[in-house]
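Engineer: Please see the structure below; I have some questions.
The values are calculated or read from the model by the stated rules, or taken from the named source; none is laboratory data. Because the structure is a prediction, the values reported are computed rather than measured. Please note: Cβ atoms are built from the backbone with ideal geometry, for glycine as well, and neighbour counts cover all protein chains shown. With ligands, DNA and RNA removed, areas are computed over all heavy atoms of the protein, side chains included. Shrake-Rupley method; radii C 1.70, N 1.55, O 1.52, S 1.80 Å.
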Amino acid sequence: MSRTTLAAYLDANATADLTAVVTRIADCCAAIQEQLRLGDLAGVLGSAGADNVQGETQKKLDVIANDMLKDALQACPQVRGIASEEEDSVVAANTAGHFLVTYDPLDGSSNIDINSMVGTIFSILPAQSDGELSEAEFLQPGRKQSAAGYVLYGPSVMLVLTTGKGVSMFTFEPGSRQFLQTVSNVSIDRDTREFAVNMSNQRFWASPMQEYVRDLLSGSDGPRGKNFNMRWVAAMVADVHRILCRGGLFTYPWDSRKPDQAGKLRLMYEANPMGMLVEQAGGEVWTDGERILDIQPDQIHQRVPVILGSADEVLCCVDYHKKASA
Ligand code: F6P
Ligand code: MN
């Protein structure tokens, strides 16, 4: 069966400049997956012995994937600047480039040492000027993204992409080293009986989230009148992939142990790109009181509570929050 290549898909769904950026990212992720597949044989597992700007211990592969993407994007004439979860501040690329790229080089990196799923998440924003690059230029709401996606390094390697014209999935074919389209027009069911959250944090959430999850857990005996299943991969990229494939609700709520930290997930590297994908597939993407893609960021490393997935279930969860603040 002949399949649409990523190149042919981009030809029909992106400008030449955007195509160049997405292609650069996809090629780089193909190289990252080679390192991941070799694992211990390449000596790439374990800690890098340092913390990143977020205060999290960096894995060797966080650093390797970050450097590979940084080098690839700096060499791409269409890229004006990059911001990465693993970099302290924004990094200039080519002054005249038309795009800014933000990325989480290896999401779910605590899974690396147990040979479990991880991924690369990316967001592509329009450049705002051709002067000196500044952080302010990156601070655009997620609604402005030109494209967003991720590469999931699982039993097969998959690129999931939107350029604002729906969501497509591509599977990496190692023989030809190409991403081939395997799913088009991804669509998330509005309704679900599955949720994803780190339940061990339950007692530290704000009361609306505690009530919402308590009602899910009470199943057919409770106010929701149906039983729910739970899944948690501990890699957002894999949990969101499951939701794009078969629906569900994913949340990472605010936590009272770190009251001044809005949440765990990062707006510009995780929530916005996943938000664009999920909305493009017909899902809903909220923080407690507003749609994530409408948030005006005030700094590149900003965090945000996230509720995303099947539309009716997300809106139901948001309702618990709205009622509490009314
Ligand atoms: O990037 C942060 C992240 O690793 C996400 O990929 C994932 O959803 C979450 O943190 C896992 O958090 P926890 O360690 O609480 O399970
Ligand atoms: Mn991450």
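Engineer: Scanning the chain for helices, which whole DSSP H stretches are 18 Å or more long along the axis (Cα) and average -1.0 or more by Kyte-Doolittle?
Structural biologist: Correct list, ordered by number: 16-38, 60-74, 311-325.
Engineer: For M169, M199, what's the largest-to-smallest order of accessible area, 1.4 Å probe?
Structural biologist: Putting M169, M199 in descending order of accessible area: M199, M169.
Engineer: Round to the nearest 0.05 the FRET efficiency obtained for S110 and D298 when R0 = 35 Å and r is the Cβ-Cβ distance.
Structural biologist: Step by step, r from the Cβ atoms, then E = 0.80.
Engineer: Comparing A148, A48, A83, which has the greatest mean-square fluctuation in the GNM of the chain with Cα pairs linked when under 10 Å apart?
Structural biologist: Maximum fluctuation in the GNM of the chain, among the listed residues, is at A48.
Engineer: Let's test the formula: R0 of 35 Å, r as the Cβ-Cβ distance of R246 and A96. What FRET efficiency results, to the nearest 0.05?
Structural biologist: Using R0 = 35 Å, I get an efficiency of 0.20.
Engineer: Tell me, what is the per residue accessible area of the chain in Å², probe radius 1.4 Å?
Structural biologist: Result: 41 Å² of accessible area for each residue.
Engineer: Against the 2.2 N^0.38 Å scaling, with N counting residues, where does the stretch 6-183 land? I'd like the Cα-based Rg ratio to two decimal places.
Structural biologist: Compactness ratio reported: 1.00.
Engineer: Exposed loop sites here are GluC sites (Glu not before Pro) in DSSP loop states with at most 15 other C-beta atoms within 10 Å. What is the longest stretch of the chain lacking them?
Structural biologist: The segment 133-289 is the longest one with no such site.
Engineer: Turning to a different aspect of this structure: Once you have the Cα-Cα distance between D88 and S184, take 0.36 nm times their residue separation minus that, and quote the gain in nm to one decimal.
Structural biologist: 30.9 nm is the gain from fully extending D88 to S184.
Engineer: If the only charges are +1 at each Lys and Arg Cβ and -1 at each Asp and Glu Cβ, what is the size of the charge dipole of the stretch 1-140 around the Cα centre, to the nearest 20 debye?
Structural biologist: 520 debye
Engineer: Next question, about the same structure. For the stretch 48-139, what size does the Cα cloud have along each of its three principal axes, sorted from largest down, in whole Å?
Structural biologist: 43, 21, 19
Engineer: Each label point is 7 Å from the Cα along the Cα-to-Cβ direction; what then is the distance between the points at L41 and A75, in nm?
Structural biologist: 2.4 nm
Engineer: Quick check: pseudo-label points 7 Å beyond the Cα along Cα→Cβ at S256 and K165, how many nm apart are they?
Structural biologist: About 5.0 nm separates the two model spin labels.
Engineer: Then there is this: To the nearest 10 Å², what's R190's accessible area with a 1.4 Å probe?
Structural biologist: Accessible area, nearest 10 Å²: 120 Å².
Engineer: Would you list C245, C316 from the most to the least accessible area, probe 1.4 Å?
Structural biologist: From most exposed to least exposed: C245, C316.
Engineer: Using the Cα atoms of the stretch 194-325 to build a convex hull, what is its mean projected area in square nanometres?
Structural biologist: 7.6 nm²
Engineer: If you scale each eigenvalue of the Cα gyration tensor by 5 and take the root, what three semi-axes come out for the chain, rounded to whole angstrom and sorted largest first?
Structural biologist: Computed over the chain, the values are 31, 22, 21 Å.
Engineer: Bin all alpha-carbon pair distances of the stretch 47-89 at 5 Å intervals from 0 and give each bin's fraction as a whole percent.
Structural biologist: Binned Cα distances yield the sequence 5, 23, 28, 21, 13, 7, 2.
Engineer: Rank these residues by their accessible area, most exposed first, probe 1.4 Å: D27, D113.
Structural biologist: Sorted descending by solvent-accessible area, the residues read D27, D113.
Engineer: Which one of S184, Q299, A206 is farthest out on the positive end of the charge dipole of the chain, using unit charges on Cβ (Lys, Arg +1; Asp, Glu -1) and the Cα centre as origin?
Structural biologist: Sorting the options by dipole projection puts first S184.
Engineer: Among L106, G263, A238, flag the residue with its Cα farthest along the positive direction of the charge dipole of the chain, charges on Cβ as +1 for Lys/Arg and -1 for Asp/Glu.
Structural biologist: A238
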